[in-house]
Amino acid sequence: MDQLVIAGKTYSSRLLVGTGKYKDFEQTRLAIEASGAEIVTVAIRRTNIGQDPNQPSLLDAVPPSKYTYLPNTAGCYTADDAIRTLRLARELLDGHDLVKLEVLGDPQSLYPNVVETIKAAEILVKDGFKVMVYTSDDPIVAKQLEDIGCVAVMPLASLIGSGMGILNPWNLQIIIDRLKVPVVVDAGVGTASDAAIAMELGCDAVLMNTAIAGAQNPVLMAGAMKKAVEAGREAFLAGRMAKKMYQASPSSPTGGMIGS
Amino acid sequence: MIEITVNGQARRYDAPLDVSRLLDLLDLTGKRLAVELNGEIVPKSQHATTPLADGDRLEVVVAVGGG
């Protein structure tokens with residue numbers, strides 16, 4: 001059985017999904033179900049004081065008993081803020097220590113600040129967290145994050161929320177070739193073919209949010225992404241044929257043609 | 001009276017006050033949340049025994065949808 005292993009735990013789905021940007025909790029629930037994802041990212045935010053305590057919450061739509069929560073540090077621009085956020089997340093989730101670290105560099109591009117990311121990763125790993133880390137597609141930084149002890153390294157395909165697809169497959173390939181921990185393409189996937197290409201390159205998994213939530217029909221797109229990730233993974237395992245320029249090789253027999 | 005800051009908002013309460021009582025007054029009891037007091041996590045098991053003083057700064061957070 002081909003399974004994804006992160007920090008010693010096995011998962012059958014290689015698609016990780018975010019829980020943001022949906023129309024409502026019902027759409028969130030349906031889309032995540034259709035995606036087949038087992039790991040879902042969540043954000044940590046101040047509670048709305050004065051809000052009706054009986055209002056539906058994310059925990060009802062996406063119960064932590066059914067999904068593995070991956071609390072993130074979205075919106076954090078310093079190592080300190082990211083560490084604080086994840087300590088709160090660990091307390092909130094009763095000691096759950098699998099987390100997604102992301103430290104952003106600027107609000108226009110949401111490009112990761114790798115210096116702050118490395119700083120935060122070092123402290124969080126020492127503090128016992130199992131860190132899945134969002135980073136740029138720089139192979140040297142990716143290796144450094146693995147050496148620090150991160151349990152998965154998650155390079156961007158393109159900018160967060162851009163849907164631009166895989167802009168630098170060569171860098172991703174170097175990262176995949178050099179790292180031993182799972183490599184998860186995080187950010188930039190726009191449609192099913194992008195996810196399939198990531199998996200065909202040999203990525204261990206793909207993480208996405210906007211590609212599903214931002215589709216015209218998120219639930220349908222969630223199903224498409226599930227199939228794309230599975231198809232891409234199988235194609236990778238199967239080993240694609242070599243690309244050949246000008247070496248025509250027909251699939252049908254060359255002999256036995258009528259009139260010959 | 002003491003004045004404390006909860007999620008960036010100044011609030012006044014009668015002393016004595018502890019974290020559990022504050023959550024109760026904010027209608028947050030029973031909700032899945034985490035509390036930070038002056039930058040330090042207050043574990044759930046210590047909510048009832050952690051007193052609050054004038055000038056304290058609290059963060060009360062929950063899990064929300066995100067990527």
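Binning all Cα-Cα separations of the protein assembly as shown at 10 Å, short to long from zero, yields these whole-percent fractions: 6, 25, 30, 20, 11, 5, 2, 1, 1, 0, 0. Amide H contacts of B:ASP18: B:LEU52, each under 5 Å away and 5 or more positions distant or on a separate chain (H built 1.01 Å from N in the peptide plane; Pro and chain starts excluded). Of the whole protein surface, A:TYR111 contributes about 90 Å² of accessible area at a 1.4 Å probe radius. Across segment B:2-62, the relative contact order, built from alpha-carbon pairs under 8 Å that are at least six residues apart, equals 49 percent. Taking amide H as placed 1.01 Å from N in the peptide plane, A:ASN113 has its amide H under 5 Å from the amide H of A:VAL103, A:LEU104, A:GLY105, each at least 5 places away in sequence or on another chain. Our coupling estimate for segment B:22-27, obtained by passing each phi through the Karplus curve with A = 6.51, B = -1.76, C = 1.60 and θ = phi - 60°, is 4, 4, 4, 5, 8, 6 Hz, Gly and Pro reported as x. The spacing between segment A:102-126 and segment A:176-190, judged by their C-alpha centroids, is 17 Å. Residue-wise HN-Hα couplings along segment A:159-164, as the Karplus relation 6.51 cos²θ - 1.76 cosθ + 1.60 with θ = phi - 60° gives them from phi, are 4, 3, x, 7, x, 7 Hz; Gly and Pro carry x.
Between A:ALA157, A:ALA74, A:ALA196, which gets the highest mean-square fluctuation from a Gaussian network model of chain A, Cα cutoff 10 Å? Taking springs between Cα atoms under 10 Å, the residue moving most is A:ALA74. Plainly put, segment A:19-116 has a radius of gyration that is 0.98 times its Kirkwood radius, both from alpha-carbon atoms, as the Rg/Rh ratio.
Distances between every pair of Cα atoms in chain B, grouped in 10 Å steps from 0 to the bin holding the largest one, split as 20, 59, 18, 3, 0 percent. Relative to the first principal axis of the alpha-carbon coordinates of chain A, what is the inclination of helix A:114-126, with its axis defined by its Cα atoms, in degrees from 0 to 90 and to the nearest 10? The angle comes out near 70 degrees. Cross-link partners of A:LYS66 among lysines, defined as those whose alpha carbon lies under 16 angstrom from its own and excluding same-chain residues fewer than eight positions apart: A:LYS9.
Distance from the C-alpha centroid of segment B:1-63 to that of segment A:22-41: 32 Å, rounded to the whole angstrom. Amide H contacts for B:VAL42 (H built 1.01 Å from N in the peptide plane; partners 5 or more residues away or on another chain; cut-off under 5 Å): B:VAL35, B:GLU36, B:LEU37. Backbone phi angles across segment A:52-58, fed through the Karplus curve with coefficients 6.51, -1.76 and 1.60 (θ = phi - 60°), yield HN-Hα couplings of 4, x, 8, 4, x, 10, 4 Hz in residue order; Gly and Pro are listed as x. Relative contact order for chain A: what is it in percent, counting Cα pairs under 8 Å that are at least 6 residues apart? The value is 18 percent.
The values are calculated or read from the model by the stated rules, or taken from the named source; none is laboratory data. Given the structure is predicted, the values throughout are model-derived calculations rather than measurements. To get the accessible areas, we keep the full protein, side chains included, count just its heavy atoms, and leave off ligands, DNA and RNA. Shrake-Rupley method; radii C 1.70, N 1.55, O 1.52, S 1.80 Å.
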